[in-house]
Amino acid sequence: MSKIDGTINRIKDQQVGSSTKKVLLVEGSDDELAFGAFLRKKFPSWEQYWVIASTGKKQNVLDILAQEQDWLGIVDRDEWDNAKIEEKQEQLPNLFILPRFCIENYLVLPDEIWSALPENKKNSIENGCETLRKDIETQLENWRNHAAVWAIINPLWEGLRSLGFKESLLELNTSNDTVKIEQFLQKWHQYLEPSQLLEKLKDKKARNKCMHSRSTIKTIYTRETFF
């Protein structure tokens, strides 16, 4: 039994059971808690009809949705561009993608933070929301640059895997074929060629620099830079 099949069986046995509840898949346990809290605020009785199940990572959500077409799933946008999002949603109509980079990006906009604070907390902050805005936006240039590096470097692993790294080179027949070995190494070398990556990074930084601060905060990587 594959890990995906094991996860599906666990959800069916432990969370759905003999009920007719529908399933909403999320990536991690933090997402499970967050979406549970959101739903309780909006729909207090949602747990009578739904279960939220964490799968461990984004790819697991995608793999399970491909098998369980009656289930729904929601994942972070991460570094996916609009074309990638359209491609994934065409493949998986039961997939929803956050419009912001990740769930944490709903916790960093100054005006949204301010509106959620109780009055006693608001009264304790000198200059109010403007203080929050300055504290966050003074670091935007660093965050924009970090987001550019993340967007260019993070997908490299998936790209290498699509080029056969590393299993293709470890196959018995290939390991005895010097020509094939060189071909694979050349493909990987070309894919990771520093000058073309630096050019992509330069272009991404320039585009990020033109973004409005509000758009930046919504769409850049936040887990380690904000928290």
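The helices (runs of 4 or more DSSP H) falling completely within region 32-125 that include 3 or more residues that are more than 17 Å from Ile217 (Cα to Cα) map to 58-67, 82-91, 119-123.
Can we say Asn82 is surrounded by 12 or more Cβ atoms within 10 Å (Cβ to Cβ) and either of a type outside the set (Val, Ile, Thr) or modelled with pLDDT under 90 (or both)?
On the way: surrounded by 12 or more Cβ atoms within 10 Å (Cβ to Cβ): no; either of a type outside the set (Val, Ile, Thr) or modelled with pLDDT under 90 (or both): yes.
So Asn82 fails the test.
Under 15 Å from Ile220 (Cα atoms), at pLDDT 90 or above and either among the basic types (Lys, Arg) or in the same structural domain as Asp76 (by TED's automatic domain parsing) (or both): is that true of Arg161 in this structure?
Values: under 15 Å from Ile220 (Cα atoms): no; at pLDDT 90 or above: yes; either among the basic types (Lys, Arg) or in the same structural domain as Asp76 (by TED's automatic domain parsing) (or both): yes.
No: the conditions fail for Arg161.
Kindly establish whether Ile103 is over 16 Å from the mean Cα position of the chain (by Cα), among the hydrophobic types (A, V, I, L, M, F, W, C) and modelled with pLDDT under 90.
No: the conditions fail for Ile103.
Name every residue in region 201-227 that is exposed (fewer than 14 other Cβ atoms within 10 Å of the Cβ) and modelled with pLDDT of 90 or more, in order of residue number. I'd like the intermediate steps shown before the answer.
We begin by selecting, within region 201-227, every residue exposed (fewer than 14 other Cβ atoms within 10 Å of the Cβ); these are 202-203, 206-207, 209-210, 212, 214-215, 223-224, 227.
Correct list: Lys202, Asp203, Ala206.
Within the set Lys84, Lys121, the sole residue that is at negative phi and not assigned by TED's automatic domain parsing to the domain that holds Leu24 turns out to be Lys121.
The values are calculated or read from the model by the stated rules, or taken from the named source; none is laboratory data. Small disclaimer: the values here were computed from a predicted structure and weren't measured. Here Cβ is always computed from backbone atoms with ideal geometry, including for glycine, and neighbour counts include all displayed protein chains.
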